[in-house]
Amino acid sequence: MKVDVHGLTLKYGDAVAVSDLDLAVNEGESLVLLGQSGCGKTSTMRCIAGLETPASAVITIGDQTVFDSGRGINRAPNKRNVGMVFQSYAIWPHMTVFENVAFPLKMKGRKKAEINEAVHETLELVGLDHLAERGASLLSGGQMQRVALARSLAMQPSVLLLDEPLSNLDARLRHRLRMELRELQLRLKLTSLYVTHDQDEALALADRIALMQAGRIVQIGEPHEIYANPKSASIAEFLGVDNVIPVTPEDTTCVQLTATGQKLSVEPYEAAETLRLCVRAEDVLLAAGGTGDVNALPGTIVSFAFQGSTVAYRVRVGDGLELDAVQMKSAGPLFGMNDAVTVSLPARAMRVLPAEVAA
Ligand SMILES: Nc1ncnc2c1ncn2[C@@H]1O[C@H](COP(=O)(O)OP(=O)(O)OP(=O)(O)O)[C@@H](O)[C@H]1O
Ligand SMILES: [Mg+2]
């Protein structure tokens, strides 16, 4: 069901963890809340679940208002019909897999036959039906997290809240469970809010990403939109853009590298007090000799690292300015330490952005 959060402010003592935040998760949508550690993601989720009491907010789930500071409404967590999966597995080790998933249904007073069917159905969904009778403490981390997921799904929650559920798992398993989760999400058309600070996970799992900084949402959009058009340099940097460089405006299609005074042609950009040039390492081109390109700068290789099919270089292009460049091994000559190179920066691959955006 649709979730609507309006004007959410949460304080811990005097410290503001979430600040006048608006957020809507559409029915059947996977919305990912992405942001740095401490920006307020878990706090936002706990407010939706009813585990924290906001200073102010109106929160609705489906057509039910679960919190309204103005009207004094505050429904108990178990009356909100939300499912939750956390980073820590939070399953009961003394129970079997079956009992773990059945427990919340028993608490709700469901009939035995009904519970039986629901538990086996959800265990099958997460690929654990064959382990139903095993003690939960005898599972791997990935299996425990599947149990936690099954337990939430069995309740048929209006919304599924997932707070970094994969971050305790090793990289391979994390990747596999991520794909499985996405498949379940799409197949069951779950309404879910997924919290992470991992941009790859966010890009893979989201219908839309809401980017959070300092208790506010600063940008919201589909993964490919956010990836291609971050609104600020700090968002770009968080999304893994390798080169974020201070620049000074010349005119609407030209900027000066602040560190070296060199001029670059760029696509039209919006004026702002503090500007940064943002360019991904894979868009920085290196050549052995002159290229005749418009934005060509002389540079020197200061370090390099093999990464399988690509090589990562760090290139000094002037006093106090180094750029990251990544080249396909097949794309040209390999360079070594102190080699002189020509660095080309194609205008279409660069964005001139304000350092920060106000929420
Ligand atoms: N129980 C608490 N008491 C006081 N301050 C808290 C409490 N819980 C969180 N905070 C503070 O509120 C802010 C937001 O915390 P929150 O846990 O929501 O961040 P987060 O985005 O989930 O971070 P992470 O990615 O590290 O989990 C932080 O500055 C944190 O220190
Ligand atoms: Mg958190």
Put +1 on the Cβ of every Lys and Arg and -1 on every Asp and Glu Cβ in the chain; which of Gly320, Leu123, Asn295 then has its Cα farthest towards the positive end of the dipole? Leu123
Rounded to the nearest 10 degrees, the helix 97-107 long axis (Cα) sits at an angle to the longest Cα principal axis of the chain of 60
What whole number of Å gives the distance from the Cα centroid of the range 42-72 to the Cα centroid of the range 88-106? 27
Relative to the longest principal axis of the C-alpha atoms of the chain, give the angle of the C-alpha long axis of helix 171-188, reported between 0 and 90° and rounded to the nearest 10°. 60
In debye to the nearest 20, the charge dipole size for the chain, taken about the Cα centre with +1 at each Lys and Arg Cβ and -1 at each Asp and Glu Cβ, equals 1240
Under a 1.4 angstrom probe, counting protein chains only, how are His6, His130, His120 ranked by accessible area, largest first? His130, His6, His120
Can you give the accessible area of Ser37, probe radius 1.4 Å, in Å² rounded to 10? 110
Under a point-charge model restricted to the Cβ atoms of Lys and Arg (+1) and Asp and Glu (-1), what is the dipole moment magnitude of the range 159-241 relative to its Cα centre, in debye to the nearest 20? 180
Length-normalised contact order of the range 234-354 in % [C-alpha pairs under 8 Å, at least 6 apart]: 31
When only the heavy atoms of the protein chains count and the probe is 1.4 Å, how do Asp319, Asp170, Asp68 rank by accessible area, highest first? Asp319, Asp170, Asp68
Relative contact order of the chain, please, whole-number percent, based on alpha carbon pairs below 8 angstrom and at least 6 residues apart. 16
Can you tell me the 0 to 90 degree angle between the C-alpha axis of helix 141-154 and the longest principal axis of the chain, rounded to 10? 60
If you place +1 on the Cβ of every Lys and Arg, -1 on the Cβ of every Asp and Glu, and leave all else neutral, what size is the dipole of the range 234-354 about its Cα centre, to the nearest 20 Debye? 280
In the range 228-307, GluC sites (Glu not before Pro) in a DSSP loop with at most 15 other beta-carbon atoms within 10 Å: Glu270, Glu273
Check cross-link reach from Lys231 to the lysines: straight Cα distance under 25 Å, and skip same-chain residues fewer than eight apart. Lys41, Lys263
Which distance in nm do the two modelled labels at Lys112 and Thr260 give, with both placed 7 Å along the Cα-to-Cβ direction? 7.8
Just from its helices, what would the mean residue ellipticity at 222 nm be for the chain, if runs of 4 or more DSSP H residues each count -39500 (n - 2.57) and the sum is divided by every residue, rounded to the nearest 500 deg cm²/dmol? -7000 deg cm²/dmol
I want to make sure I understand the PRE zone here: with the label point 7 angstrom from the Cα of Thr253 toward its beta carbon, which residues in the range 325-350 have backbone N atoms less than 12 Å away? 347-348
Taking the alpha-carbon centroid of each part, what is the distance from the range 287-342 to the range 229-269 in angstrom? 19
Quick one: pull the percent of accessible area on the range 81-171 belonging to carbon and sulfur, 1.4 Å probe, ligands and nucleic acids left out. 53
Leaving ligands, DNA and RNA out of it, work out the accessible area of Val25 with a 1.4 Å probe and give it in Å² to the nearest 10. 0
Using +1 at the Cβ of each Lys and Arg and -1 at the Cβ of each Asp and Glu in the chain, identify which of Ala148, Leu345, Leu21 lies farthest towards the dipole's positive end. Ala148
proj_area_mean for the chain (convex hull on C-alpha atoms), units nm², value 21.9
Taking only protein heavy atoms into account and a 1.4 Å probe, give the accessible area per residue of the chain in Å². 48
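The values are calculated or read from the model by the stated rules, or taken from the named source; none is laboratory data. Quick caveat: nothing in here was measured; it's all calculated off a predicted structure. Positions of Cβ are generated from backbone atoms using ideal geometry, with glycine treated the same way; all protein chains shown enter the neighbour counts. Remember, those area values only see protein heavy atoms, side chains included, never the ligands or the DNA or RNA. Shrake-Rupley method; radii C 1.70, N 1.55, O 1.52, S 1.80 Å.
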